[in-house]
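The values are calculated or read from the model by the stated rules, or taken from the named source; none is laboratory data. From a predicted model like this one, the values you see are computed outputs, not experimental measurements. Don't worry about glycine lacking a Cβ; one is built from the backbone with ideal geometry, like all the others, and counts go over all protein chains shown. The protein model used for the area step is the full one, side chains on, heavy atoms only, and it has no ligands, DNA or RNA in it. Shrake-Rupley method; radii C 1.70, N 1.55, O 1.52, S 1.80 Å.
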Amino acid sequence: MEEQEIQLKVKKVTDKLTESMYVLANEPSVALYRLQEHVRRSLPELAQHKADMQNWEEQSQGAVYTVEYACSAIRSMTYSKEYFKSIEGLLRQTISTKEQMGSAPGRSTLAPQAPCPSPSV
């Protein structure tokens, strides 16, 4: 019987000790300490990820601006088709006039003239 009492007392002591350890391990100050350690360890990595993301955002915004600028330039080029057709017509007319003047008897070649101002677009 004495052995059973000792075992019972040992079991009670170990249960109380286990409970005390559990309470100490889960005490709020210990939890806050663990939280602080987690933040201290993970914060530099998170800050680096944030800096990387900001860098990527700047690069992508630059690329978007470049693409929009290129699209605008291409649109302007398609609108300039009318001007090129007009220039082509004027050049053909000038060549035709020059050929007519060159083939006319008694005509000498004209002295070069100052260039005409370019049309504003």
Rg to Rh for segment 24-90: what is it, with Cα atoms only and Rh by Kirkwood? 1.65
Separation between the LEU90 and ALA104 pseudo-spin-labels, each 7 Å from Cα along Cα→Cβ, expressed in nm? 2.2
Among LYS12, LYS85, LYS50, which one shows the highest mean-square fluctuation when the chain is modelled as a Gaussian network with alpha-carbon springs under 10 Å? LYS12
Distance in nm between pseudo-label sites at SER29 and ARG41 (7 Å out along the Cβ direction from Cα): 2.2
TYR79 paired with GLN7, simple spin-label distance in nm, labels 7 Å along Cα-to-beta-carbon: 9.8
Heavy-atom accessible area per residue of the chain, all protein chains kept, 1.4 Å probe, expressed in Å², is 99
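HIS49 to GLU68: extension gain in nm, 0.36 nm per residue of separation minus the Cα-Cα distance?
Working: separation 19, 0.36 × 19 = 6.84 nm, distance 2.83 nm.
Taking HIS49 through GLU68 to full extension adds about 4.0 nm, to one decimal.
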Using eta = 1.306 mPa s and T = 10 °C, Stokes-Einstein with Kirkwood Rh from Cα pairs puts D for the chain, in µm² s⁻¹, at 64
